[in-house]
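The values are calculated or read from the model by the stated rules, or taken from the named source; none is laboratory data. Keep in mind that what you see is a predicted model, and the values were worked out from it rather than measured. We place every Cβ from the backbone using ideal geometry, glycine too, and count neighbours over all the protein chains shown. Only protein heavy atoms, including side chains, enter the accessible area calculation; ligands, DNA and RNA are left aside. Shrake-Rupley method; radii C 1.70, N 1.55, O 1.52, S 1.80 Å.
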Amino acid sequence: MAGMDRETGRLLDGWDHVVQCLMELFTTGFGARAMREWFGTLVPKQLGNNLVPSLVVNIYSAICTAIELWEPRFRVIKITPLQTSAEKVRRGVLGIRIDGEYRPRALEGDLTPEGMRAVHVDWSGGSFSVRRAT
């Protein structure tokens, strides 16, 4: 599956395309798309709330559920918080590493994994970003 990079317009395929699709998924709220009302996640509704432990659990759950429903090319194995500093949490900064299996042919029905991959999800100042983990 190939697509277009949303910032440069260049061809995007493979794992990079999955990372971009995850960003699209996490930043789209339910009902935001006219023809695909049920596409998205509850994560956008959480932005702006106080970053307390129960909210973090809700975000983890929303992310895992959205990936399971809408992105078959990635199967979550583990979610790990990246920041443990109380100061960062007080400032509303949250980082998450999501490890999982990359299944490049899942959209064709082949769920054979091609190895482990990871992404970093960063939440800071009410905005969200997803990038490849190195």
Original post:
For region 1-30, how many residues are of a type outside the set (D, E) and open to solvent by less than 50 Å² (accessible area, probe 1.4 Å)?
Top reply: 16
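How many of the residues in region 101-125 are within 24 Å of L51 (Cβ to Cβ) and either among the aliphatic types (A, V, I, L, M) or at pLDDT 90 or above (or both)?
Result for region 101-125: 4.
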Original post:
Taking into account only those residues within region 106-134 that are without any contact (Cβ under 8 Å) to a residue 24 or more places away in the chain and in a loop (DSSP other than H, G, I, E, B), which is most open to solvent (accessible area, probe 1.4 Å)?
Top reply: T134
Original post:
Taking region 47-76, which residues are open to solvent by 50 Å² or more (accessible area, probe 1.4 Å), among the aliphatic types (A, V, I, L, M) and at pLDDT below 90?
Top reply: L47, V52, V57
**OP:** Determine which single condition K88 fails, assuming it passes every other condition in (1) open to solvent by 50 Å² or more (accessible area, probe 1.4 Å); (2) assigned to a strand (DSSP E or B).
**Re:** (2)
Subject >> Boolean, G48 is within 30 Å of R91 (Cα to Cα), in contact with an Asp or Glu (Cβ under 7 Å, 6 or more places away or on another chain), not aromatic (F, W, Y) and not in a strand (DSSP E or B) >> reply: no
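Could you tell me whether F26 is hydrophobic (A, V, I, L, M, F, W, C), touching a residue at least 24 places away in the same chain (Cβ under 8 Å) and not in a helix (DSSP H, G or I)?
Details: hydrophobic (A, V, I, L, M, F, W, C): yes; touching a residue at least 24 places away in the same chain (Cβ under 8 Å): yes; not in a helix (DSSP H, G or I): no.
So F26 fails the test.
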Original post:
Can you spot a residue in region 114-134 that is more than 11 Å from the chain's Cα centre (by Cα), closer than 19 Å to C21 by Cα and β-branched (V, I, T)?
Top reply: yes
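Picking from I67, I96, which residue would you name as being more than 17 Å from Q20 (Cβ to Cβ), among the β-branched types (V, I, T) and within 18 Å of the chain's Cα centre (by Cα)?
I96
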